[in-house]
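Following: one structure in structure tokens, then a few remarks.
The values are calculated or read from the model by the stated rules, or taken from the named source; none is laboratory data. Keep in mind that this is a model prediction, so the values were computed, not measured. Cβ: placed from backbone, ideal geometry, glycine included. Neighbour counts: every protein chain shown.
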Amino acid sequence: MSLLADQYRDYVIPTYGRFDLDLARGAGCRVWDEKGRGYLDFGAGIAVCSLGHAHPEVTSAVCAQAGTLVHVSNLYRTGPQAALARKLVEVTGPGKVFFCNSGAEANEGLIKTSRRFGSTTGRFEILTFENSFHGRTMAGISATGQEKVKKGFGPLLGGFRHLPFGDLDAVRRSVGPETVAVLVEPVQGEGGIHIARPEFLAGLRALCNERSLLLLFDEIQCGLGRTGNWCGWRSVAPDVMPDGVSWAKGIANGFPLGAFWVSGRVADDRGPLCDLLGPGSHGTTYGGNPVCCAAGLKVLEIIERDSLLAGASAKGARLTAGLLAAGIPYLQDVRALGLMVGAQLSPDFPKGERPPALEAVIRAMACGLLVIPAGESVVRFLPPLNATDAEIDEAVEKFRTALMAVQTGTNPATQQSCQ
């Protein structure tokens, strides 16, 4: 055990199943542990570091803002928050933005907007989907369609129902007099990279129009460039327009920032939907602080300047093709949209103490590759949007070597190198 492991054991609440790895620094697509060993990071902080680690331009923007103004609360206006809100509206559509600190908070904002929207008609129920993930707050776990996040935390917040992902008929049958909104991930990330069909999202839009429901997209993991488009849903169904969108993760390259957008369409006699949350109805102390917004502005500027949207599509295709062509043992399929790539492991993966995805991730880590499990049998590849072709090819080879070690029964704990 390391000194860090001892300190975590003694002083940190053990809510995470942490890997046995102490990271000290990072640069680009790579990180190094306390012993100086390097790793190719194709998890990017769970799709957070869109431009990789310690990007010099982001660092410069953050330092400049930190030397000017760090925090004044939302009692006052600041330039970086206004500029970032304007940019997000420009890439999404007419509406307004609220800034918070995380994806869970962004989804909380959409949930509160929905309840305010339905308050005059007694509607409050939000339909979500099986295998979804919407955060770890009480509302977030109530909205999430996975039982594992709910155990021991009841009673949950009422007003949510979980339906089969992609089943439009089930949604139609489930809409009742109390239903006010549908909340869906265009790409289920934590659930294993399951991509909504275009006709499903289009059908949800039509149904919401028909029944005066809000259509809400959780783009915490798939938004702001990862799928090859600013808006993840536009990579699936470009003609569909939601009423609300939540973001976090890739928005500020690791600085704690979340946001949600609400449409500017006129909802009813109360005026535009984006004005339903008036003064005193919602708030946060840190959300939208100048430093995080300066980071977000620089991230979006670089993605646009360096054509990383088109790059995400091309690099995702290269990664997908590489995985499928590499002869990787136990690889059954690859599901991908841009640089959201899920490697589905086959049922014949050797049974052991750990689920197959976790075993594969630990084997990959022993080979110097960081990837992320999703459920029991999917390994997620979520590299920075500016990963090079050479790094993509390297990741494929490291993953192939790692799963070859599974096939041959090599113990990753004894592997000094997989080169």
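Of all residues in the range 120-150, count the ones that are crowded, with 18+ Cβ neighbours inside 10 Å, touching a helix residue (DSSP H, G or I) at 6+ places or on another chain (Cβ under 7 Å) and polar (S, T, N, Q). Matching residues across the range 120-150 total 1.
Conditions tested, residue by residue: (1) touching a Leu at 6+ places or on another chain (Cβ under 8 Å); (2) outside the structural domain of residue 248 (by TED's automatic domain parsing); (3) touching a residue at least 60 places away in the same chain (Cβ under 8 Å).
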{"site": "332", "(1), (2), (3)": "yes, yes, no"}
{"site": "348", "(1), (2), (3)": "no, yes, no"}
{"site": "374", "(1), (2), (3)": "no, yes, yes"}
{"site": "397", "(1), (2), (3)": "no, yes, yes"}
{"site": "405", "(1), (2), (3)": "no, yes, no"}
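When residue 140 is tested against (1) assigned to a helix (DSSP H, G or I); (2) over 21 Å from residue 188 (Cα atoms); (3) without any contact (Cβ under 8 Å) to a residue 40 or more places away in the chain, exactly one condition is not met: (2). Taking (1) without any contact (Cβ under 8 Å) to a residue 24 or more places away in the chain; (2) closer than 28 Å to residue 263 by Cα; (3) not basic (Lys, Arg) in turn, residue 56 satisfies each apart from (2).
For the range 151-158, state whether one or more residues are surrounded by fewer than 21 Cβ atoms within 10 Å (Cβ to Cβ) and touching a Gly at 6+ places or on another chain (Cβ under 8 Å).
Filtering the range 151-158 down to residues surrounded by fewer than 21 Cβ atoms within 10 Å (Cβ to Cβ) leaves 151-158.
In the following step, the residues that additionally are touching a Gly at 6+ places or on another chain (Cβ under 8 Å) were identified as none.
Checked against the condition, which is being surrounded by fewer than 21 Cβ atoms within 10 Å (Cβ to Cβ) and touching a Gly at 6+ places or on another chain (Cβ under 8 Å), the range 151-158 yields no hits at all.
Scanning the range 236-267 for residues that are surrounded by fewer than 21 Cβ atoms within 10 Å (Cβ to Cβ) and in a strand (DSSP E or B) yields 266, 267. Hey, any hits in the range 18-29 for a residue that's outside the structural domain of residue 284 (by TED's automatic domain parsing), within 21 Å of the chain's Cα centre (by Cα), free of Cβ contacts under 8 Å to residues at least 12 places away in the same chain and closer than 30 Å to residue 343 by Cβ? Checked the range 18-29: at least one residue is outside the structural domain of residue 284 (by TED's automatic domain parsing), within 21 Å of the chain's Cα centre (by Cα), free of Cβ contacts under 8 Å to residues at least 12 places away in the same chain and closer than 30 Å to residue 343 by Cβ.
Taking the criterion of being out of contact with any strand residue (DSSP E or B) (no Cβ under 7 Å at 6 or more places or on another chain) and in a helix (DSSP H, G or I), would at least one residue in the range 217-228 satisfy it? Scanning the range 217-228, I find no residue that is out of contact with any strand residue (DSSP E or B) (no Cβ under 7 Å at 6 or more places or on another chain) and in a helix (DSSP H, G or I), so the answer is no.
Yes or no, residue by residue, for (1) among the aromatic types (Phe, Trp, Tyr); (2) at pLDDT 95 or above; (3) part of a helix (DSSP H, G or I); (4) touching a strand residue (DSSP E or B) at 6+ places or on another chain (Cβ under 8 Å):
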site	(1), (2), (3), (4)
107	no, yes, yes, yes
114	no, yes, yes, yes
132	no, yes, no, yes
156	no, yes, no, no
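Per the listing 191, 176, the residue uniquely within 16 Å of residue 127 (Cα to Cα) and assigned to a loop (DSSP other than H, G, I, E, B) is 176. Applying the condition of being more than 18 Å from the chain's Cα centre (by Cα) and crowded, with 20+ Cβ neighbours inside 10 Å to the range 312-321 and asking which residue is nearest to residue 82 (Cα to Cα) yields 315.
Is it true that some residue in the range 65-79 is modelled with pLDDT of 95 or more, touching a Pro at 6+ places or on another chain (Cβ under 9 Å), surrounded by 16 or more Cβ atoms within 10 Å (Cβ to Cβ) and under 22 Å from residue 261 (Cα atoms)? Reasoning before the result, please.
Pass one, the range 65-79, residues modelled with pLDDT of 95 or more: 65-79.
In the following step, the residues that additionally are touching a Pro at 6+ places or on another chain (Cβ under 9 Å) were identified as 65-66, 68-72, 78-79.
Of the ones still in play, those that are also surrounded by 16 or more Cβ atoms within 10 Å (Cβ to Cβ) are 65, 78.
Cutting the leftovers down to under 22 Å from residue 261 (Cα atoms) gives us 78.
Yes: one or more hits.
Residue 306 falls short on exactly one of the conditions (1) without any contact (Cβ under 8 Å) to a residue 24 or more places away in the chain; (2) exposed (fewer than 15 other Cβ atoms within 10 Å of the Cβ); (3) not hydroxyl-bearing (Ser, Thr, Tyr), and that condition is (1).
Number of residues in the range 329-357 that are surrounded by fewer than 24 Cβ atoms within 10 Å (Cβ to Cβ) and either hydroxyl-bearing (Ser, Thr, Tyr) or under 19 Å from the mean Cα position of the chain (by Cα) (or both) equals 6. Within the range 1-48, work out how many residues are of a type in the set (Ser, Thr, Tyr) and within 19 Å of residue 398 (Cβ to Cβ). So the count comes out to 1.
Residue check: residue 149 meets all listed conditions (1) in contact (Cβ under 8 Å) with a residue 40 or more places away in the chain; (2) β-branched (Val, Ile, Thr); (3) within 28 Å of residue 334 (Cβ to Cβ) but one, namely (1).
The rows are residues; the columns are (1) of a type outside the set (Phe, Trp, Tyr); (2) part of a loop (DSSP other than H, G, I, E, B); (3) more than 17 Å from residue 252 (Cβ to Cβ).
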| site | (1), (2), (3) |
| --- | --- |
| 286 | no, yes, no |
| 316 | yes, no, yes |
| 328 | yes, yes, yes |
| 350 | yes, yes, yes |
| 354 | yes, yes, yes |
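Within the range 158-194, the set of residues being out of contact with any Cys (no Cβ under 9 Å at 6 or more places or on another chain), under 22 Å from residue 357 (Cβ atoms) and touching a residue at least 60 places away in the same chain (Cβ under 8 Å) comprises 190, 191, 192, 193, 194.
Only one entry in 409, 375 is under 26 Å from residue 187 (Cα atoms) and modelled with pLDDT under 95, namely 375.
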